[in-house]
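Encoded as C-alpha coordinates, the structure appears first; notes follow it.
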Amino acid sequence: MDFLLYSAFRSARIGMNMKVLIVGGGGREHAIAVSMKKSSRVEKLYCVPGNAGIAQIAECDPSIGVMEFDKVAAFAKEKEVDLVFVAPDDPLVGGLVDVLEAQGIRTFGPRKNAAVLEGSKVFSKDLMRKYKIPTADYRNYDNAEEALAYLETAKMPIVLKADGLALGKGVLICNTLEEAKAGVKEIMLDKHFGNAGNRMVIEEFITGPEVSVLSFVDGKTIKTMTSAQDHKRAKDGDQGLNTGGMGTFSPSPFYTKEVDQFCRKHIYQATVDAMAAEGREFKGVIFFGLMLTPDGPRVLEFNARFGDPETQVVLCRMKNDIMDVIDACIDGTLDQVDLQFEDNAAVCVVLASEGYPEAYEKGFEITGLEKFDKKSDYYCFHAGSRIDEDGRIVTNGGRVLGVTAMGESLKEARRKAYEATEWISFDNKYMRHDIGKAIDEV
(Lines give C-alpha, C1' and ligand atoms only; values in the text may rest on other atoms or scores of the structure.)
Protein backbone atom coordinates (compact mmCIF):
# COMPACT_ATOMS: atom_id res chain seq x y z
CA MET A 1 0.00 0.00 0.00
CA ASP A 2 1.64 3.28 -1.08
CA PHE A 3 1.95 6.46 0.99
CA LEU A 4 -1.12 8.31 -0.34
CA LEU A 5 -3.37 5.28 -0.32
CA TYR A 6 -2.38 4.28 3.22
CA SER A 7 -2.78 7.88 4.49
CA ALA A 8 -6.26 8.12 2.97
CA PHE A 9 -7.21 4.72 4.40
CA ARG A 10 -6.00 5.71 7.83
CA SER A 11 -7.72 9.10 7.80
CA ALA A 12 -11.05 7.49 7.00
CA ARG A 13 -10.81 5.21 10.05
CA ILE A 14 -9.68 7.67 12.72
CA GLY A 15 -12.41 7.98 15.33
CA MET A 16 -14.07 4.79 16.56
CA ASN A 17 -13.11 1.12 16.13
CA MET A 18 -9.42 1.96 16.03
CA LYS A 19 -6.56 -0.47 15.62
CA VAL A 20 -3.57 0.62 17.70
CA LEU A 21 0.02 -0.65 17.76
CA ILE A 22 2.16 -0.07 20.86
CA VAL A 23 5.93 -0.29 20.38
CA GLY A 24 7.69 -1.60 23.50
CA GLY A 25 7.58 -4.50 25.92
CA GLY A 26 7.87 -3.31 29.52
CA GLY A 27 5.73 -2.28 32.46
CA ARG A 28 5.15 1.16 30.99
CA GLU A 29 3.79 -0.37 27.79
CA HIS A 30 1.53 -2.72 29.77
CA ALA A 31 0.09 0.26 31.66
CA ILE A 32 -0.46 2.12 28.38
CA ALA A 33 -2.15 -0.96 26.89
CA VAL A 34 -4.46 -1.29 29.89
CA SER A 35 -5.40 2.39 29.59
CA MET A 36 -6.09 2.01 25.86
CA LYS A 37 -8.13 -1.15 26.46
CA LYS A 38 -10.50 0.96 28.57
CA SER A 39 -11.14 3.31 25.64
CA SER A 40 -14.44 2.89 23.82
CA ARG A 41 -12.63 3.96 20.65
CA VAL A 42 -10.14 1.07 20.52
CA GLU A 43 -11.24 -2.09 18.77
CA LYS A 44 -7.94 -3.95 18.51
CA LEU A 45 -4.56 -3.67 20.23
CA TYR A 46 -1.21 -4.87 18.91
CA CYS A 47 2.20 -4.70 20.56
CA VAL A 48 5.77 -5.38 19.46
CA PRO A 49 7.53 -7.10 21.06
CA GLY A 50 5.17 -7.09 24.04
CA ASN A 51 5.37 -9.41 27.05
CA ALA A 52 3.27 -12.10 28.73
CA GLY A 53 1.04 -9.58 30.48
CA ILE A 54 0.42 -7.43 27.42
CA ALA A 55 -0.36 -10.62 25.48
CA GLN A 56 -3.46 -11.08 27.64
CA ILE A 57 -5.08 -7.99 26.10
CA ALA A 58 -3.19 -7.42 22.82
CA GLU A 59 -1.84 -9.39 19.87
CA CYS A 60 1.95 -9.41 20.30
CA ASP A 61 4.82 -10.28 17.98
CA PRO A 62 7.92 -11.00 20.14
CA SER A 63 10.05 -11.42 17.00
CA ILE A 64 10.05 -7.68 16.23
CA GLY A 65 12.46 -5.52 18.21
CA VAL A 66 11.82 -1.85 18.96
CA MET A 67 14.84 -0.80 16.87
CA GLU A 68 13.79 -2.77 13.78
CA PHE A 69 12.10 0.20 12.17
CA ASP A 70 11.33 -1.39 8.80
CA LYS A 71 9.72 -4.40 10.49
CA VAL A 72 7.63 -2.17 12.76
CA ALA A 73 6.41 -0.18 9.74
CA ALA A 74 5.64 -3.34 7.77
CA PHE A 75 3.71 -4.81 10.73
CA ALA A 76 1.70 -1.58 11.09
CA LYS A 77 0.72 -1.68 7.43
CA GLU A 78 -0.01 -5.40 7.44
CA LYS A 79 -2.39 -5.00 10.39
CA GLU A 80 -3.82 -1.77 8.92
CA VAL A 81 -3.40 0.07 12.20
CA ASP A 82 -4.74 3.58 12.67
CA LEU A 83 -2.13 4.68 15.19
CA VAL A 84 1.32 3.65 16.39
CA PHE A 85 2.30 4.63 19.94
CA VAL A 86 6.11 4.63 20.31
CA ALA A 87 6.82 4.23 24.03
CA PRO A 88 10.55 3.55 24.71
CA ASP A 89 13.44 6.02 24.54
CA ASP A 90 15.75 4.22 22.09
CA PRO A 91 13.39 4.14 19.08
CA LEU A 92 12.23 7.71 19.77
CA VAL A 93 15.78 9.04 19.88
CA GLY A 94 16.62 6.87 16.89
CA GLY A 95 13.85 8.39 14.77
CA LEU A 96 11.15 5.72 14.53
CA VAL A 97 8.42 8.38 14.52
CA ASP A 98 10.03 10.03 11.48
CA VAL A 99 10.24 6.68 9.66
CA LEU A 100 6.57 5.84 10.32
CA GLU A 101 5.26 9.30 9.47
CA ALA A 102 7.21 9.27 6.20
CA GLN A 103 5.16 6.20 5.24
CA GLY A 104 1.84 7.86 6.09
CA ILE A 105 1.39 6.09 9.44
CA ARG A 106 -0.18 8.21 12.16
CA THR A 107 2.21 8.08 15.11
CA PHE A 108 2.33 9.35 18.70
CA GLY A 109 5.68 10.46 20.03
CA PRO A 110 8.31 13.14 19.37
CA ARG A 111 10.29 13.15 16.15
CA LYS A 112 14.04 12.54 16.29
CA ASN A 113 15.00 16.22 16.41
CA ALA A 114 12.72 16.70 19.46
CA ALA A 115 13.56 13.42 21.24
CA VAL A 116 17.12 14.76 21.58
CA LEU A 117 15.71 16.47 24.69
CA GLU A 118 16.25 13.07 26.34
CA GLY A 119 18.84 11.65 23.96
CA SER A 120 21.54 14.16 24.90
CA LYS A 121 22.19 15.48 28.42
CA VAL A 122 24.54 18.03 26.88
CA PHE A 123 21.76 19.33 24.62
CA SER A 124 19.19 19.54 27.41
CA LYS A 125 21.54 21.29 29.84
CA ASP A 126 22.57 23.81 27.19
CA LEU A 127 18.91 24.39 26.31
CA MET A 128 18.09 25.13 29.93
CA ARG A 129 21.01 27.51 30.27
CA LYS A 130 20.08 29.35 27.07
CA TYR A 131 16.41 29.76 28.02
CA LYS A 132 16.98 30.29 31.76
CA ILE A 133 15.12 27.16 32.86
CA PRO A 134 16.17 26.39 36.47
CA THR A 135 18.70 23.55 36.71
CA ALA A 136 21.91 22.69 38.55
CA ASP A 137 25.13 24.41 37.45
CA TYR A 138 27.22 22.23 35.11
CA ARG A 139 30.04 21.84 32.61
CA ASN A 140 30.20 19.66 29.48
CA TYR A 141 33.23 17.59 28.44
CA ASP A 142 34.17 15.44 25.46
CA ASN A 143 37.75 15.02 26.67
CA ALA A 144 38.53 12.89 29.73
CA GLU A 145 41.76 14.73 30.59
CA GLU A 146 39.97 18.09 30.68
CA ALA A 147 37.23 16.60 32.86
CA LEU A 148 39.79 15.19 35.29
CA ALA A 149 41.60 18.54 35.44
CA TYR A 150 38.36 20.33 36.32
CA LEU A 151 37.58 17.84 39.09
CA GLU A 152 40.81 18.79 40.88
CA THR A 153 39.25 22.16 41.73
CA ALA A 154 35.58 21.13 41.96
CA LYS A 155 33.49 20.96 45.12
CA MET A 156 32.45 17.50 46.32
CA PRO A 157 30.03 15.73 46.22
CA ILE A 158 29.57 16.06 42.48
CA VAL A 159 27.42 14.40 39.81
CA LEU A 160 28.66 12.78 36.59
CA LYS A 161 26.20 12.09 33.76
CA ALA A 162 26.81 10.17 30.55
CA ASP A 163 25.50 12.28 27.66
CA GLY A 164 23.44 9.61 25.90
CA LEU A 165 20.89 6.95 26.80
CA ALA A 166 22.06 4.50 29.47
CA LEU A 167 18.92 2.68 30.64
CA GLY A 168 18.45 5.23 33.42
CA LYS A 169 21.76 4.19 34.99
CA GLY A 170 24.25 6.67 33.49
CA VAL A 171 24.33 8.98 36.51
CA LEU A 172 27.05 8.71 39.16
CA ILE A 173 26.96 10.59 42.46
CA CYS A 174 30.56 10.93 43.65
CA ASN A 175 31.36 11.88 47.26
CA THR A 176 35.13 12.20 46.91
CA LEU A 177 37.66 13.28 44.29
CA GLU A 178 38.83 9.67 44.00
CA GLU A 179 35.28 8.47 43.27
CA ALA A 180 34.83 11.24 40.71
CA LYS A 181 38.06 10.36 38.90
CA ALA A 182 37.02 6.70 38.84
CA GLY A 183 33.65 7.81 37.46
CA VAL A 184 35.23 9.70 34.57
CA LYS A 185 37.25 6.59 33.76
CA GLU A 186 34.13 4.41 33.93
CA ILE A 187 32.06 6.70 31.67
CA MET A 188 34.55 8.17 29.19
CA LEU A 189 37.50 5.77 29.04
CA ASP A 190 36.14 2.32 29.88
CA LYS A 191 32.88 3.14 28.05
CA HIS A 192 30.79 1.34 30.67
CA PHE A 193 27.72 2.92 29.07
CA GLY A 194 28.98 2.54 25.50
CA ASN A 195 28.79 5.52 23.17
CA ALA A 196 26.53 7.26 25.68
CA GLY A 197 29.79 8.17 27.44
CA ASN A 198 31.47 9.88 24.48
CA ARG A 199 30.48 13.14 26.13
CA MET A 200 29.74 13.84 29.77
CA VAL A 201 28.08 16.42 31.98
CA ILE A 202 29.70 17.28 35.31
CA GLU A 203 26.98 18.76 37.46
CA GLU A 204 26.68 20.56 40.77
CA PHE A 205 25.34 18.30 43.54
CA ILE A 206 21.96 19.53 44.76
CA THR A 207 19.65 18.10 47.40
CA GLY A 208 15.93 17.83 48.12
CA PRO A 209 12.98 15.55 47.40
CA GLU A 210 12.78 14.26 43.81
CA VAL A 211 9.44 14.52 42.02
CA SER A 212 8.38 13.34 38.57
CA VAL A 213 5.81 15.26 36.54
CA LEU A 214 4.62 13.81 33.24
CA SER A 215 2.97 16.02 30.65
CA PHE A 216 1.18 15.85 27.32
CA VAL A 217 2.45 18.28 24.67
CA ASP A 218 1.11 19.20 21.22
CA GLY A 219 3.99 21.42 20.08
CA LYS A 220 2.70 24.59 21.72
CA THR A 221 0.35 23.64 24.57
CA ILE A 222 1.37 21.58 27.60
CA LYS A 223 -0.97 19.81 30.04
CA THR A 224 0.67 18.28 33.10
CA MET A 225 -0.46 15.03 34.65
CA THR A 226 -0.61 14.22 38.34
CA SER A 227 2.75 14.08 40.15
CA ALA A 228 4.66 10.93 41.08
CA GLN A 229 7.75 9.97 43.04
CA ASP A 230 10.19 7.23 42.05
CA HIS A 231 12.67 5.07 43.99
CA LYS A 232 15.78 4.47 41.88
CA ARG A 233 18.13 2.64 44.23
CA ALA A 234 18.05 -1.14 44.35
CA LYS A 235 17.88 -1.61 48.12
CA ASP A 236 15.93 -0.35 51.12
CA GLY A 237 16.94 3.02 52.50
CA ASP A 238 17.98 4.22 49.05
CA GLN A 239 21.07 2.04 49.18
CA GLY A 240 22.64 0.00 46.39
CA LEU A 241 22.99 0.64 42.70
CA ASN A 242 20.83 2.85 40.50
CA THR A 243 18.10 0.94 38.67
CA GLY A 244 15.37 1.73 36.19
CA GLY A 245 13.07 2.18 39.20
CA MET A 246 12.06 -0.09 42.08
CA GLY A 247 8.69 1.48 42.78
CA THR A 248 6.74 4.71 42.77
CA PHE A 249 3.73 6.50 44.20
CA SER A 250 1.30 9.19 43.09
CA PRO A 251 0.61 11.94 43.94
CA SER A 252 3.76 13.22 45.65
CA PRO A 253 2.97 15.04 48.91
CA PHE A 254 6.04 17.19 48.27
CA TYR A 255 4.51 18.60 45.07
CA THR A 256 2.56 21.49 46.62
CA LYS A 257 0.47 24.17 44.93
CA GLU A 258 3.36 26.59 45.39
CA VAL A 259 5.77 24.20 43.65
CA ASP A 260 3.27 23.69 40.85
CA GLN A 261 2.85 27.42 40.33
CA PHE A 262 6.62 27.96 40.16
CA CYS A 263 7.09 25.13 37.67
CA ARG A 264 4.26 26.31 35.44
CA LYS A 265 5.78 29.78 35.34
CA HIS A 266 9.46 28.89 34.94
CA ILE A 267 9.79 25.30 33.68
CA TYR A 268 6.91 23.59 31.86
CA GLN A 269 5.77 26.06 29.22
CA ALA A 270 9.29 27.48 29.02
CA THR A 271 10.59 24.08 27.90
CA VAL A 272 7.93 23.66 25.21
CA ASP A 273 8.56 27.19 23.96
CA ALA A 274 12.32 26.65 23.98
CA MET A 275 12.04 23.54 21.84
CA ALA A 276 9.76 25.35 19.40
CA ALA A 277 12.17 28.29 19.23
CA GLU A 278 14.96 25.86 18.37
CA GLY A 279 12.93 24.46 15.47
CA ARG A 280 12.32 21.22 17.37
CA GLU A 281 8.54 21.15 17.83
CA PHE A 282 7.76 18.62 20.53
CA LYS A 283 4.63 16.47 20.29
CA GLY A 284 4.17 13.62 22.72
CA VAL A 285 5.05 13.24 26.41
CA ILE A 286 7.68 15.21 28.30
CA PHE A 287 8.75 13.77 31.64
CA PHE A 288 10.14 16.39 34.01
CA GLY A 289 12.46 14.97 36.66
CA LEU A 290 12.53 17.66 39.35
CA MET A 291 14.47 18.21 42.55
CA LEU A 292 12.83 20.46 45.13
CA THR A 293 15.90 22.22 46.52
CA PRO A 294 15.94 24.80 49.34
CA ASP A 295 16.38 27.40 46.57
CA GLY A 296 13.37 26.18 44.60
CA PRO A 297 12.60 23.47 42.01
CA ARG A 298 15.37 22.50 39.59
CA VAL A 299 15.19 20.23 36.52
CA LEU A 300 17.31 17.10 36.98
CA GLU A 301 16.44 15.52 33.66
CA PHE A 302 13.98 15.37 30.81
CA ASN A 303 12.56 12.21 29.29
CA ALA A 304 10.85 12.33 25.90
CA ARG A 305 8.25 9.70 26.83
CA PHE A 306 6.29 8.15 29.68
CA GLY A 307 8.48 7.08 32.61
CA ASP A 308 8.69 3.61 34.07
CA PRO A 309 7.35 2.90 36.70
CA GLU A 310 5.70 6.34 36.94
CA THR A 311 3.24 5.47 34.17
CA GLN A 312 1.90 2.60 36.25
CA VAL A 313 0.64 4.96 39.00
CA VAL A 314 -0.34 7.92 36.80
CA LEU A 315 -2.45 6.48 33.96
CA CYS A 316 -4.60 4.37 36.28
CA ARG A 317 -5.68 7.66 37.93
CA MET A 318 -6.48 9.54 34.69
CA LYS A 319 -10.18 10.21 34.03
CA ASN A 320 -9.84 11.09 30.34
CA ASP A 321 -10.02 8.63 27.46
CA ILE A 322 -6.34 8.33 26.56
CA MET A 323 -7.14 8.21 22.84
CA ASP A 324 -8.77 11.65 22.99
CA VAL A 325 -5.62 13.10 24.56
CA ILE A 326 -3.33 11.37 22.06
CA ASP A 327 -5.32 12.74 19.13
CA ALA A 328 -5.18 16.24 20.61
CA CYS A 329 -1.38 16.04 20.93
CA ILE A 330 -0.96 14.92 17.32
CA ASP A 331 -3.50 17.39 15.90
CA GLY A 332 -2.38 20.42 17.93
CA THR A 333 -5.67 20.79 19.82
CA LEU A 334 -4.52 19.99 23.35
CA ASP A 335 -5.75 23.40 24.54
CA GLN A 336 -9.28 22.01 24.10
CA VAL A 337 -8.69 19.09 26.48
CA ASP A 338 -9.61 19.29 30.18
CA LEU A 339 -7.09 16.82 31.60
CA GLN A 340 -8.42 15.33 34.84
CA PHE A 341 -7.27 12.80 37.44
CA GLU A 342 -9.08 10.97 40.21
CA ASP A 343 -8.79 12.36 43.74
CA ASN A 344 -7.13 9.22 45.02
CA ALA A 345 -3.63 7.69 45.21
CA ALA A 346 -1.64 4.80 43.74
CA VAL A 347 1.49 2.93 44.77
CA CYS A 348 3.57 0.56 42.62
CA VAL A 349 6.05 -1.92 44.09
CA VAL A 350 8.40 -3.56 41.60
CA LEU A 351 9.02 -7.29 41.97
CA ALA A 352 12.50 -7.87 40.58
CA SER A 353 14.91 -10.75 40.07
CA GLU A 354 17.49 -11.13 42.83
CA GLY A 355 20.75 -9.60 41.59
CA TYR A 356 19.16 -6.83 39.49
CA PRO A 357 20.50 -4.47 38.15
CA GLU A 358 23.59 -6.66 37.68
CA ALA A 359 23.54 -10.41 37.11
CA TYR A 360 20.32 -12.39 37.59
CA GLU A 361 18.66 -15.59 36.40
CA LYS A 362 15.57 -15.85 34.18
CA GLY A 363 12.98 -18.49 33.35
CA PHE A 364 11.27 -19.01 36.71
CA GLU A 365 7.52 -19.66 36.68
CA ILE A 366 5.34 -16.87 38.06
CA THR A 367 2.28 -17.94 40.05
CA GLY A 368 -0.60 -16.04 41.64
CA LEU A 369 -1.34 -13.70 38.74
CA GLU A 370 -4.98 -14.79 38.62
CA LYS A 371 -5.57 -13.14 42.01
CA PHE A 372 -5.58 -9.74 40.27
CA ASP A 373 -8.46 -10.70 37.98
CA LYS A 374 -11.60 -8.55 38.21
CA LYS A 375 -10.10 -6.28 40.88
CA SER A 376 -10.59 -2.67 39.78
CA ASP A 377 -8.21 -1.17 42.33
CA TYR A 378 -5.31 -3.60 41.81
CA TYR A 379 -3.04 -4.04 38.79
CA CYS A 380 -0.13 -6.33 38.04
CA PHE A 381 1.84 -4.73 35.21
CA HIS A 382 4.32 -7.05 33.52
CA ALA A 383 7.82 -5.72 32.79
CA GLY A 384 10.08 -8.74 32.30
CA SER A 385 7.93 -11.77 31.54
CA ARG A 386 7.36 -14.19 28.67
CA ILE A 387 5.33 -17.28 27.84
CA ASP A 388 7.56 -20.36 27.64
CA GLU A 389 7.24 -23.46 25.44
CA ASP A 390 4.91 -25.08 27.97
CA GLY A 391 2.57 -22.09 28.08
CA ARG A 392 3.74 -20.96 31.50
CA ILE A 393 4.40 -17.31 32.32
CA VAL A 394 8.03 -17.05 33.44
CA THR A 395 10.48 -14.32 34.46
CA ASN A 396 12.39 -12.71 31.61
CA GLY A 397 14.13 -9.63 33.02
CA GLY A 398 15.51 -7.77 36.00
CA ARG A 399 12.30 -5.92 36.74
CA VAL A 400 9.59 -8.56 36.43
CA LEU A 401 6.28 -7.09 37.65
CA GLY A 402 4.89 -3.79 38.92
CA VAL A 403 2.32 -4.58 41.60
CA THR A 404 0.08 -1.52 41.79
CA ALA A 405 -2.82 -0.62 44.07
CA MET A 406 -5.09 2.39 44.39
CA GLY A 407 -6.60 3.79 47.56
CA GLU A 408 -8.29 6.86 48.95
CA SER A 409 -4.96 7.88 50.49
CA LEU A 410 -1.30 7.14 49.83
CA LYS A 411 -1.06 5.14 53.04
CA GLU A 412 -4.01 2.97 52.05
CA ALA A 413 -2.63 2.44 48.54
CA ARG A 414 0.78 1.52 49.98
CA ARG A 415 -0.74 -0.99 52.39
CA LYS A 416 -2.76 -2.60 49.61
CA ALA A 417 0.19 -2.72 47.20
CA TYR A 418 2.42 -4.54 49.69
CA GLU A 419 -0.44 -6.87 50.56
CA ALA A 420 -0.76 -7.73 46.85
CA THR A 421 2.97 -8.43 46.47
CA GLU A 422 2.37 -11.51 48.64
CA TRP A 423 -0.08 -12.90 46.07
CA ILE A 424 2.78 -13.42 43.61
CA SER A 425 5.48 -16.08 43.80
CA PHE A 426 8.55 -16.86 41.72
CA ASP A 427 12.07 -18.04 42.55
CA ASN A 428 14.59 -15.23 43.27
CA LYS A 429 11.75 -12.73 43.86
CA TYR A 430 13.14 -9.49 45.25
CA MET A 431 11.63 -6.13 46.20
CA ARG A 432 12.21 -3.08 48.32
CA HIS A 433 10.09 -2.86 51.45
CA ASP A 434 10.11 0.90 51.85
CA ILE A 435 8.43 2.17 48.68
CA GLY A 436 6.45 5.24 49.69
CA LYS A 437 7.96 5.38 53.16
CA ALA A 438 8.44 9.13 52.63
CA ILE A 439 4.67 9.39 52.89
CA ASP A 440 4.99 8.86 56.65
CA GLU A 441 7.51 11.69 56.94
CA VAL A 442 5.36 14.44 55.40
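Where does region 34-155 land on Rg(C-alpha)/(2.2 N^0.38 Å)?
Details: Rg = 19.8 Å, N = 122, 2.2 N^0.38 = 13.7 Å.
Expressed relative to 2.2 N^0.38 Å, the Cα Rg reads 1.45.
Return the long-range amide H neighbours of F108 (sequence gap of 5 or more, or a different chain), with a cut-off of under 5 Å between placed amide H atoms.
V84, F85, V86
Okay, helix-only estimate at 222 nm for the chain: each DSSP H run of n ≥ 4 adds -39500 (n - 2.57), divide by all residues, round to 500 deg cm²/dmol; what do you get? Could you put the intermediate results ahead of the total?
Numbers: 14 runs with 122 residues, N = 442.
Using -39500 (n - 2.57) per qualifying helix, the result is -7500 deg cm²/dmol.
Once fully extended, how much extra length lies between D427 and T207, figured as 0.36 nm per residue of separation less the alpha-carbon to alpha-carbon distance? It would help to have the intermediate numbers written out before the result.
Numbers: separation 220, 0.36 × 220 = 79.20 nm, distance 3.72 nm.
Result: 75.5 nm gained on full extension.
What order do E146, E118 take when sorted by accessible area (1.4 Å probe), most exposed first?
Numbers: E146 105, E118 10 Å².
Of E146, E118, the descending order of accessible area is E146, E118.
Starting at the first residue of region 186-194, write each ³J(HN,Hα) from the Karplus equation 6.51 cos²θ - 1.76 cosθ + 1.60 with θ = phi - 60°, in whole Hz, x for Gly and Pro.
Rounded to whole hertz, the list is 4, 7, 8, 9, 7, 6, 4, 10, x.
So what is Rg over Rh here for the chain, counting just Cα atoms and using Kirkwood for Rh?
Values: Rg = 21.1 Å, Rh = 22.2 Å.
On the Cα set of the chain, Rg over Rh gives 0.95.
Provide the FRET efficiency to the nearest 0.05 for the D126-E80 pair, computing r from the beta carbons and using R0 = 25 Å.
Details: r = 42 Å, r/R0 = 1.69.
Rounded to the nearest 0.05, the efficiency is 0.05.
What's the magnitude of the charge dipole for region 111-155 around its Cα centre, counting Lys and Arg as +1 and Asp and Glu as -1 at the beta-carbon? Answer in Debye, nearest 20. Mind dumping the intermediate values first?
Details: 9 positive and 7 negative charges, 86 e Å.
Dipole about the Cα centre, nearest 20: 420 debye.
Go from 0 up to the bin containing the longest alpha carbon distance in region 106-162, width 10 Å each, and give me the % of pairs per bin.
Taking every Cα pair in region 106-162, the percentages come to 18, 42, 29, 9, 3, 0.
Treating only the Cβ atoms of Lys and Arg (+1) and Asp and Glu (-1) as charged, compute the dipole magnitude of the chain about its Cα centre; round to the nearest 20 debye.
Numbers: 55 positive and 68 negative charges, 119 e Å.
Dipole about the Cα centre, nearest 20: 580 debye.
Where the centre of each part is set by its Cα atoms, how far does region 137-186 sit from region 189-244, in angstrom?
So the separation of the two Cα centres works out to 16 Å.
Out of all Cα-Cα pairs in region 232-293, roughly what percent, to the nearest whole number, are more than 15 Å apart?
Details: 1245 of 1891 pairs.
Every Cα pair in region 232-293 considered, those over 15 Å come to 66 percent.
Might you tell me the accessible area per residue for region 166-286, computed with a 1.4 Å probe and given in Å²? Don't skip to the answer; put the middle values down first.
Details: 5200 Å² over 121 residues.
With all protein chains present, region 166-286 gives 43 Å² per residue.
Choose one of M18, F85, P62: the residue whose Cα lies farthest towards the positive end of the charge dipole of region 15-97 (beta-carbon charges +1 Lys, Arg; -1 Asp, Glu; about the Cα centre).
M18
Roughly how many Å² of F381 are accessible to a 1.4 Å probe, to the nearest 10?
10
What do you reckon, how do T256, T224 stack up by accessible area (1.4 Å probe), largest on top?
On the way: T256 55, T224 20 Å².
Putting T256, T224 in descending order of accessible area: T256, T224.
Quick one: which of 158-164, 186-192 comes out on top by average Cβ neighbours within 10 Å, and what's the full order, highest first?
Working: 158-164: 23.3, 186-192: 17.4.
Taking the mean over residues of other Cβ atoms within 10 Å, the ranking is 158-164, 186-192.
Share of the chain's accessible area from carbon and sulfur, percent, 1.4 Å?
On the way: 8630 of 18300 Å².
The nonpolar share, carbon plus sulfur, comes to 47 percent.
Determine the sum of side-chain charges near G363: Lys and Arg each +1, Asp and Glu each -1, restricted to other residues whose C-beta is under 15 angstrom from that of G363. Show your work: numbers first, answer last.
Working: positive: K362, R386, R392, K429; negative: E354, E361, E365, D388, E389, D390, D427.
Combined, the nearby Lys, Arg, Asp and Glu give -3.
Specify which residue in the list M318, F193, F381 is farthest towards the positive end of the charge dipole of the chain, using unit charges on the beta carbon of Lys, Arg (+1) and Asp, Glu (-1), about the Cα centre.
Farthest towards the positive end: M318.
With all protein chains present and a 1.4 Å probe, how do S425, S376, S215 order by accessible area, largest first? It would help to have the intermediate numbers written out before the result.
On the way: S425 60, S376 95, S215 0 Å².
Result of the area sort, largest leading: S376, S425, S215.
Which links in K132/K181; K169/K232; K125/K235; K223/K375; K112/K283 stretch past 20 Å when you go from one Cα to the other? Before the final figure, lay out the partial values.
Numbers: K132/K181 30 Å; K169/K232 9 Å; K125/K235 30 Å; K223/K375 30 Å; K112/K283 11 Å.
Flagged as over cut-off: K132/K181; K125/K235; K223/K375.
Give me the tail of P(r) for region 261-385 as a percent: Cα-Cα pairs with distance above 24 Å. Show your work: numbers first, answer last.
On the way: 3699 of 7750 pairs.
Of all Cα-Cα distances in region 261-385, 48 percent exceed 24 Å.
Can you give the FRET efficiency to the nearest 0.05 for K38 and D61, using r as the Cβ-Cβ distance and R₀ = 25 Å? Could the numbers behind the result be given before it?
Values: r = 23 Å, r/R0 = 0.92.
E(calc), rounded to 0.05, equals 0.60.
Using the Cα centre of region 184-225 as the reference point, and only Cβ charges (+1 on K/R, -1 on D/E), how large is the resulting charge dipole? Debye, rounded to the nearest 20.
The calculation lands at about 200 debye.
Suppose all protein chains stay in the model; what accessible area per residue would a 1.4 Å probe give for region 39-141, in Å²? Before the final figure, lay out the partial values.
Values: 3770 Å² over 103 residues.
Each residue of region 39-141 exposes 37 Å² on average to a 1.4 Å probe.
Could you tally the net charge around T421, taking each other residue with its Cβ under 12 Å from the Cβ of T421, Lys/Arg +1 and Asp/Glu -1?
+4
Normalise the Debye intensity by I(0) for region 145-231, one equal point scatterer per Cα, no solvent, then take log10 at q = 0.12, 0.21, 0.25, 0.26 Å⁻¹ and round to two decimals.
At q = 0.12, 0.21, 0.25, 0.26 Å⁻¹ the computed log10 ratios are -0.47, -0.96, -1.16, -1.21.
Work through the residues other than V299 whose Cβ is under 14 Å from its Cβ and net out their charges, Lys, Arg +1 and Asp, Glu -1.
Details: positive: K121, K125, R129, K130, K132, K161, R264, K265, R298; negative: E118, D126, D137, E203, E204, E210, D295, E301.
After counting each charged neighbour, the total is +1.
Just need the relative contact order of the chain here, percent rounded to a whole number, with Cα pairs under 8 Å and 6+ apart. Kindly include the intermediate steps, with their values, before the conclusion.
On the way: 1023 pairs, mean separation 68.4, N = 442.
After rounding, I find 15 percent.
Counting alpha carbon pairs within less than 8 Å and at least 6 residues apart, what relative contact order, in whole percent, applies to region 44-157? Mind dumping the intermediate values first?
Working: 112 pairs, mean separation 16.2, N = 114.
Computed over region 44-157, the figure is 14 percent.
Of the listed peptides 45-53, 336-344, what is their order by residue-averaged count of other C-beta atoms within 10 Å, with the highest listed first?
Working: 45-53: 25.1, 336-344: 13.4.
Sorting 45-53, 336-344 by mean packing, highest first, produces 45-53, 336-344.
The values are calculated or read from the model by the stated rules, or taken from the named source; none is laboratory data. As the structure is a prediction and not an experimental result, all values here were calculated from the model. Positions of Cβ are backbone-derived with ideal geometry, glycine not excepted, and every protein chain shown enters the neighbour counts. SASA here: full protein model, heavy atoms, side chains in, ligands and nucleic acids out. Shrake-Rupley method; radii C 1.70, N 1.55, O 1.52, S 1.80 Å.
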